[in-house]
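Q: Provided herewith is a single structure, encoded as structure tokens, for subsequent inquiry.
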Amino acid sequence: MVHFPGKNANKSPKLLPIADITMILLIRHGETTGNRKDVILGQKDYPLTEKGINSSERLAGLVSQYNNGIILTSPLGRAQATATIFSNRTGWPIFIVEGMIELSCGEWEGMSRKDVAPERLFLRTTWTDTPPGGECYKEAETRVGSVINAIREIKEYETFAVIGHASVNRVFLKLWLGFEPSQAMTVGQHHETIYLLGNNGKTDWINIRGERGVEHFDGNMLPP
């Protein structure tokens, strides 16, 4: 059994060096009814839409080319539903990773974005900005860093499909790629795009149409 630390890891880990991992596939869960209504999700759950299901199925077909994989998913229902779609297509085992749960948005969860932050592209304006009763990116670094270290210690698998959410994936990228907070803040990942993180320091992307490219993280959101 692969062990992963929980979301309440209480010690900031020193990140281990990258091992001989073939590929990290960083995936955002499929579109949900909450996304469709433009409400703030956080740790409040919503089911996948038909579009979200279909898009996840198409993406799963594109990653089946990779070998010896494992799926690591946030415990939230929308991520687990996405993980099941990928597992059905690839045959890879699923492990629930508490540390990849979405950042809490506290009192804002379930509220319309236009009522809370109509002018903002992202809810949090800085790496330490915290929604009322919620969680900031900096706080999430502890648990996400523990997950990354666990991944780097695993030798049995070559490919890791990590299924998370918009904000927690931003933290993952910040730690994995060594970004400054200001650069990580600009990352916007579509539901229909996967980031491919290899050992060469380069990040590629692939979308549901099978289009590929190199992600430069320059603040320009990729086409869905």
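The values are calculated or read from the model by the stated rules, or taken from the named source; none is laboratory data. On a predicted model such as this, the values are computed, not experimentally measured, just so you know. Note that each Cβ is placed from the backbone with ideal geometry, even for glycine, and that neighbours are counted across all protein chains shown.
Q: What is the residue count in the range 160-191 for residues that are at pLDDT below 95, in contact with a Leu (Cβ under 8 Å, 6 or more places away or on another chain) and of a type outside the set (A, V, I, L, M, F, W, C)?
A: Number satisfying all stated conditions: 3.
Q: Can I ask one more? State whether one or more residues within the range 116-129 are in contact with a helix residue (DSSP H, G or I) (Cβ under 9 Å, 6 or more places away or on another chain), without any contact (Cβ under 8 Å) to a residue 12 or more places away in the chain and hydroxyl-bearing (Ser, Thr, Tyr).
A: Yes, that holds for at least one residue.
Q: When residues of the range 165-195 are filtered for being more than 20 Å from LEU59 (Cβ to Cβ) and without any contact (Cβ under 8 Å) to a residue 60 or more places away in the chain, how many remain?
A: Within the range 165-195, residues that are more than 20 Å from LEU59 (Cβ to Cβ) and without any contact (Cβ under 8 Å) to a residue 60 or more places away in the chain number 10.
Q: When you look at TYR157, is it within 22 Å of PRO75 (Cα to Cα) and buried (at least 22 other Cβ atoms within 10 Å of the Cβ), yes or no? Steps first, please.
A: Numbers: within 22 Å of PRO75 (Cα to Cα): yes; buried (at least 22 other Cβ atoms within 10 Å of the Cβ): no.
So TYR157 does not fit the description; no.
Q: Only one of (1) more than 15 Å from the chain's Cα centre (by Cα); (2) crowded, with 18+ Cβ neighbours inside 10 Å; (3) not in a helix (DSSP H, G or I) is not met by ILE85, so which one is it?
A: Of everything listed in (1) more than 15 Å from the chain's Cα centre (by Cα); (2) crowded, with 18+ Cβ neighbours inside 10 Å; (3) not in a helix (DSSP H, G or I), ILE85 misses just condition (3).
Q: What number of residues in the range 102-144 are aromatic (Phe, Trp, Tyr) and farther than 21 Å from ALA79 by Cα?
A: The total comes to 1.
Q: Moving on. For LEU59, state whether it is within 15 Å of SER167 (Cβ to Cβ) and either crowded, with 18+ Cβ neighbours inside 10 Å or among the small types (Gly, Ala, Ser) (or both).
A: no
Q: Can you tell me which residues in the range 104-128 are under 20 Å from the mean Cα position of the chain (by Cα) and not in a loop (DSSP other than H, G, I, E, B)?
A: GLY106
Q: Separate question: Kindly evaluate GLY61 against the criterion of being in contact (Cβ under 8 Å) with a residue 60 or more places away in the chain and not hydroxyl-bearing (Ser, Thr, Tyr).
A: Criteria not met by GLY61.
Q: Another question about this same structure. If a residue has to be touching a helix residue (DSSP H, G or I) at 6+ places or on another chain (Cβ under 7 Å) and in contact (Cβ under 8 Å) with a residue 60 or more places away in the chain to count, how many in the range 196-223 make the cut?
A: 4
Q: A follow-up question, please. Can you confirm whether the range 129-136 contains a residue that is exposed (fewer than 14 other Cβ atoms within 10 Å of the Cβ), within 13 Å of MET185 (Cβ to Cβ) and either of a type in the set (A, V, I, L, M) or within 16 Å of the chain's Cα centre (by Cα) (or both)?
A: no
Q: I would also like to ask the following. Looking at the range 42-56, is at least one residue assigned to a loop (DSSP other than H, G, I, E, B), touching an Asp or Glu at 6+ places or on another chain (Cβ under 9 Å) and under 17 Å from PHE122 (Cα atoms)?
A: yes
Q: Could you list all residues from the range 97-110 that are out of contact with any Lys or Arg (no Cβ under 7 Å at 6 or more places or on another chain) and surrounded by 16 or more Cβ atoms within 10 Å (Cβ to Cβ)?
A: VAL97, MET100, GLU102, LEU103, SER104, CYS105, TRP108
Q: Then there's this: Condition first: surrounded by fewer than 16 Cβ atoms within 10 Å (Cβ to Cβ) and within 20 Å of ILE151 (Cα to Cα). Can you find one or more residues in the range 67-81 that meet it?
A: Yes, some residue in the range 67-81 is surrounded by fewer than 16 Cβ atoms within 10 Å (Cβ to Cβ) and within 20 Å of ILE151 (Cα to Cα).
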